[in-house]
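Student: I have a structure here, written as structure tokens, and I will follow up with some questions on it.
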Amino acid sequence: MTRIPRLPRNVLLFGAVSLLADISSDMVMPLLPAFLVGLGANAAFIGVVEGTAEATAALLKYVSGRWADRVRRLLPLAIAGYALAALARPFLAFARAPWQVLAIRSIDRVGKGIRTSPRDKLLAASTPRERLAEAFAFHRGMDHAGAALGPLVAAGLLIVWPEQIRRVFLLASIPGIAAVLLLLTVRESPRETASGRQDPAVAARVPPTLLAAIALFTLGNSTDALLILRAQTLGIATAQLPLLWALLHLARSLLSWPAGRVADRLGRRRTLVAGWLWYAACYAGFALARAPWHAWALFAAYGLVAALTEGAERALIADAVPPEARGRALGLYNLITGAGLLTASVVAGYVWDRFSPASALLLGAALAVAASAVLAPASRPTGRAPAV
């Protein structure tokens, strides 16, 4: 039996940090759609809230990525980002209007934007090239493990304190603060510092076809909050929504690391195309669903999408540029995906309200198929290393 080599220390630590941070975040996230509806918001506004929050994060991910290629230490940026999010989130407990939720979610995502690109550059610098997809997938798997545990904690608290959603928001600060404290144990090695040189043309080294395909897919990849709303329309009770959210992230957590190892061995582009096609199938399923059990089955199946795509995308971007320029490349990737998410969430929310949930979901499926068609020719065997 072949022994699986241990992942680098920084990768393991950042995985644990993300586990705690996402327990905090996802004690809140599955409750937000119902909370916003209770404050008077509609599906379009929910799309605006999540789209704006993620677009804010995306812009700052790009800025922080450029910083990451210039500063000598990356860890302070990561600490500041995690701390800001942990401190902002509990203020949701005091929100009395939808616009206040929008403001607080945006501040939360400012923290995410500050930390993500420096952290991802640290991860890439700590990992051998041939294991990049595995490392990113492991990190995302731990992220999703936290996202699975967070709703379970929220559900338990709601059993103890029925309907006390605001109290859950307050208690979400505890694992967030614990994540910041654990982050202080991460070490930066000399090879993770900036070289002091910056190539202004580095963005052009990322394959344009890859960036175009990712952008096209993201235009159909609206916020998962709308899937929670879809589950409610299928008859899932509000008290069960945290469990449904946990199921989704449990599937993502269990599948991400194995899928990352597969991507490194069989081809990251081919793995990415497979993930996008599976996304299209799942979104078509959500559009055609008619019963509560359909929602449970589809959320479990949808978990495979993240496992196939998240590690492969980041590994392809990080491996396309020199190590000293990875911050900027990863920042550009995050900017494209975040801007696409804002557009996708607003458009999907509008189509949802103006036409039907099925129309919005089928639009996302069609764009995923189109993105696969753009990237698929580049994923055919060319004699290059299988990781590409």
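Student: Based on what the data block shows, is L158 under 19 Å from A16 (Cα atoms) and part of a helix (DSSP H, G or I)?
Tutor: No.
Student: Now a separate question. Say we look at the range 95-124 and pick out the residues that are of a type outside the set (A, V, I, L, M, F, W, C) and more than 19 Å from the chain's Cα centre (by Cα); which of these is surrounded by the fewest Cβ atoms within 10 Å (Cβ to Cβ)?
Tutor: R96
Student: In the range 43-60, which residues are of a type in the set (G, A, S) and under 18 Å from I228 (Cα atoms)?
Tutor: Those that are of a type in the set (G, A, S) and under 18 Å from I228 (Cα atoms): A43, A44, G47, G51, A53.
Student: Write out, first by first residue and then by second, each pair whose Cβ atoms fall under 7 Å of each other, whose residues are 6+ apart or on separate chains, and whose first residue, in the range 257-283, is of a type outside the set (S, T, Y) while the second is open to solvent by less than 10 Å² (accessible area, probe 1.4 Å) and not in a helix (DSSP H, G or I).
Tutor: Every condition considered, no pair remains.
Student: Another question, then. Among (1) under 19 Å from G327 (Cβ atoms); (2) among the hydroxyl-bearing types (S, T, Y); (3) touching a Ser or Thr at 6+ places or on another chain (Cβ under 8 Å), there is one condition S106 misses while meeting the rest; what is its number?
Tutor: (1)
Student: Further, regarding this structure: Can you list residue pairs whose Cβ atoms sit under 6 Å apart, with the first residue in the range 221-237 being more than 11 Å from G47 (Cα to Cα) and the second being at pLDDT 85 or above and among the basic types (K, R)? Count only pairs 6 or more apart in sequence or on different chains.
Tutor: From the range 221-237, no pairs qualify.
Student: Determine whether G235 is at pLDDT 85 or above, surrounded by fewer than 22 Cβ atoms within 10 Å (Cβ to Cβ) and either touching a Lys or Arg at 6+ places or on another chain (Cβ under 9 Å) or part of a loop (DSSP other than H, G, I, E, B) (or both).
Tutor: Considered against the rule, which asks whether it is at pLDDT 85 or above, surrounded by fewer than 22 Cβ atoms within 10 Å (Cβ to Cβ) and either touching a Lys or Arg at 6+ places or on another chain (Cβ under 9 Å) or part of a loop (DSSP other than H, G, I, E, B) (or both), G235 comes out as yes.
Student: If you don't mind, another one. Go through the range 146-163 and give me each residue that's farther than 30 Å from V262 by Cα and either modelled with pLDDT of 85 or more or open to solvent by less than 60 Å² (accessible area, probe 1.4 Å) (or both).
Tutor: Answer for the range 146-163, where residues must be farther than 30 Å from V262 by Cα and either modelled with pLDDT of 85 or more or open to solvent by less than 60 Å² (accessible area, probe 1.4 Å) (or both): V153, A154, A155, G156, L157, L158, I159, V160, W161.
Student: Is there any pair linking a residue in the range 334-349 that is under 22 Å from G311 (Cβ atoms) to one that is of a type in the set (V, I, T) and modelled with pLDDT under 85, with Cβ under 9 Å and at least six apart or on different chains, and which?
Tutor: Between residues of the range 334-349 that are under 22 Å from G311 (Cβ atoms) and residues that are of a type in the set (V, I, T) and modelled with pLDDT under 85, the close pairs are G338/T56; L341/T223; A344/T223.
Student: Name the single residue, out of those in the range 189-232 being modelled with pLDDT of 50 or more and among the polar types (S, T, N, Q), that is farthest from L288 (Cα to Cα).
Tutor: S189
Student: May I ask you to list the residues in the range 13-42 that are of a type in the set (A, V, I, L, M), over 18 Å from the mean Cα position of the chain (by Cα) and open to solvent by 10 Å² or more (accessible area, probe 1.4 Å)?
Tutor: Correct list: L13, A34, V37, L39, A41.
Student: Moving to a separate point now. For the range 132-145, indicate whether the set of residues that are assigned to a helix (DSSP H, G or I), more than 23 Å from L254 (Cβ to Cβ) and open to solvent by 10 Å² or more (accessible area, probe 1.4 Å) is non-empty.
Tutor: No, the conditions are met nowhere in the range 132-145.
Student: Test L59 against the criterion of being open to solvent by 50 Å² or more (accessible area, probe 1.4 Å), modelled with pLDDT of 90 or more and either under 23 Å from A179 (Cα atoms) or under 23 Å from the mean Cα position of the chain (by Cα) (or both), and give yes or no.
Tutor: Judged against the criteria, L59 is not a match.
The values are calculated or read from the model by the stated rules, or taken from the named source; none is laboratory data. Keep in mind that what you see is a predicted model, and the values were worked out from it rather than measured. Note: ideal-geometry Cβ built from the backbone for every residue, glycine included; neighbour counts use all protein chains shown. Only protein heavy atoms, including side chains, enter the accessible area calculation; ligands, DNA and RNA are left aside. Shrake-Rupley method; radii C 1.70, N 1.55, O 1.52, S 1.80 Å.
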